[in-house]
Amino acid sequence: MLGEEEFPEVKVDFQETFLGHTSPISCCRFSASGNNIASASVDGTVRYLMEVASRNATIYCGAEITSLEWDCKSDRLLLIGTADGGIKAWNVDAKRVVCDLNTTEAFPSVLDLKCSPVEPTFVSAAASKEYLFNLNLQLSISDLT
């Protein structure tokens, strides 16, 4: 095990500010290629910046965003999980929701989303109303292309 003094110093060579949110940011993610960035706010908005096209957009979800995940195989699909149990798949090229799912009433808050690196599937972890005392792991199989 390395002691704290044995880790190399982290040096920041470049820093840029991505503006646009009006409430605290709850999470952010790079796409698989690293060309796109998505950030989510507690006010229910998601902003993404597409480096290749130098364009950005804002998605209004109507509930606090608790999780973001880019499809591992492309930079076109962004999964968004909300505190009210919603899971949205946003196509950045079409600029629209292409899939809108909900968790069960027993587990109404999406905690995390992860895409499979090899299959067109994703997994969602959702919490019960008792807030994290009972976790439900739901496997949703979807074509993410």
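Using a basic spin-label model with each label point 7 Å from the Cα along Cα→Cβ, how many nm lie between Thr104 and Ser74?
Roughly 3.2 nm, to one decimal.
First measure r as the distance between the Cβ atoms of Tyr60 and Glu119, then evaluate 1/(1 + (r/R0)^6) with R0 = 35 Å and state the FRET efficiency to the nearest 0.05. Mind dumping the intermediate values first?
Numbers: r = 30 Å, r/R0 = 0.87.
With R0 = 35 Å, the Cβ-Cβ based efficiency is 0.70.
A short reminder: the numbers here are calculations on the coordinates, not readings from a lab. All figures in this text were calculated on a predicted structure; none of them were measured in a lab. A quick note on method: Cβ atoms are made from the backbone with ideal geometry, for glycine too, and the neighbour counts reach across all protein chains shown.
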